[in-house]
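Working notes, beginning with the structure itself.
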Amino acid sequence: MKMVRVLAMASSTIRPFSSMASSPFAATFSAFNSSRRFNSFDFTRGMNSKTFDYNKSCKLIRREGNVISTITVSNMSQGSTISSKESALEWVKRDNRRMLHVVYHVGDIDRTIKFYRECLGMKLLRKRDNTEERYTNAFLGYGPEDSHFVIELTYNYGVDKYDIGSGFGHFGIAVDDLGRIVDLIKARGGTVTREPGPVKGGKTNIAFIDDPDGYKFELIERGPTPEPLCRVMLRVGDLGRSIAFYEKAFGMELVRKRDSPEYKYTIAMMGYGPESKNCLLELTYNYGVLEYDKGNAYAQIAIGTDDVYKSADAVKVFGGKITREPGPLPDIDTKITACLDPDGWKTVLVDNIDFLKELQ
């Protein structure tokens, strides 16, 4: 069956959700509420020529330590260009970036929503069914989208199964009582593929579960955190090359790196802040494995930026491939650009001001 790739949706109102005060996850996950409106992005459509006021500024939410603060940012001029590595590095270092959400496909969206809410304690932030284009989107997570990393599920009508491939690894969720959460998941019909215990080559207690579509979730025992959805793991063929690319092209920092010769793998944690308070990208290199099958299930990560034009230029300078030239999406004028890293993993960069305007 031919798959219709739809990576986002049109405007929708966030549906209300109840407090988690009575949930068994209440001690593990902080409860949040949001009643904002949000227009998501259809990355498959062409660009229009509508005008935009580039002189306006907006507040960008950032998390530093235990404080969530705001930074005033201004929308950059269209068509900004970067031609040298020096200017690209300078831009990337001062850009305001944050991981926004991860996108992937599922075969039964209602089944997946039920599992994430009942077994993982997530909230359904919003959902939209687009009958004309034959897809449904749902956003789930542990807090509002203007300050938290969330999941975007995509269901394409008539497609009930996807190939996850061997390149995608897992998502990570931080919990404060691993044994209790695993017992809860078992009681509610979830599949536990690795019982709680120390990680190979380390001391942190973890467990693994599968969701209904076969996506793996690593449950990581740690203290309370403002960002329980804390990891996205992807496998790469050259870790040094990937670290350099994500540092230079995306402005991420190498939070930590760990080599496990006994188990023949190395991991690098990349992101925009401390591991205890932010979602990180976990890049994994398995000794001697240079390529992976990416399948058609996992789609991309979205990252916020002050200027998609300069960000696209920086990606090009540092060896990335642009798959969608920077510019506004039709109807909503939200500026984006899409690119591939050296291993072919896709990232979409989204204009910060446009993103926050969509949340108003």
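Observations on the model:
- Just one of the listed residues (R94, R126) is of a type outside the set (A, V, I, L, M, F, W, C) and open to solvent by 10 Å² or more (accessible area, probe 1.4 Å), and it is R94.
- Counting the residues of region 135-186 that are open to solvent by 10 Å² or more (accessible area, probe 1.4 Å), part of a loop (DSSP other than H, G, I, E, B) and within 26 Å of D293 (Cα to Cα) gives 10.
- The residues on offer are E195, E218, and the sole one that is touching a strand residue (DSSP E or B) at 6+ places or on another chain (Cβ under 8 Å) and surrounded by fewer than 17 Cβ atoms within 10 Å (Cβ to Cβ) is E195.
- Test: residue in region 84-91 that is at negative phi and assigned to a strand (DSSP E or B): no
- Selection of region 255-271 for residues being in contact with a strand residue (DSSP E or B) (Cβ under 6 Å, 6 or more places away or on another chain) and of a type outside the set (D, E, K, R) yields V255, Y265, T266, I267, A268, M269, M270, G271.
- Matching residues, region 301-360, being assigned to a helix (DSSP H, G or I), open to solvent by less than 30 Å² (accessible area, probe 1.4 Å) and within 27 Å of E282 (Cβ to Cβ): V308, S311, A312, A314, V315, N352, F355
- For region 197-232, a residue qualifies if it is of a type in the set (V, I, T) and assigned to a loop (DSSP other than H, G, I, E, B), and the qualifying residues are V199, T204, T225.
- From E247, E275, E291, residue being charged (D, E, K, R), in a helix (DSSP H, G or I) and without any contact (Cβ under 8 Å) to a residue 60 or more places away in the chain: E247
- Pick from region 260-272, criterion modelled with pLDDT of 95 or more and part of a strand (DSSP E or B), ranking: most open to solvent (accessible area, probe 1.4 Å): Y265
- The residues listed here are T70, T81; of these, the one that is modelled with pLDDT under 95, under 22 Å from A302 (Cβ atoms) and exposed (fewer than 15 other Cβ atoms within 10 Å of the Cβ) is T70.
The values are calculated or read from the model by the stated rules, or taken from the named source; none is laboratory data. Quick caveat, the model's predicted, so the values are computed rather than measured. A quick note on method: Cβ atoms are made from the backbone with ideal geometry, for glycine too, and the neighbour counts reach across all protein chains shown. Ligands, DNA and RNA are excluded from the accessible area calculation, which covers all protein heavy atoms including side chains. Shrake-Rupley method; radii C 1.70, N 1.55, O 1.52, S 1.80 Å.
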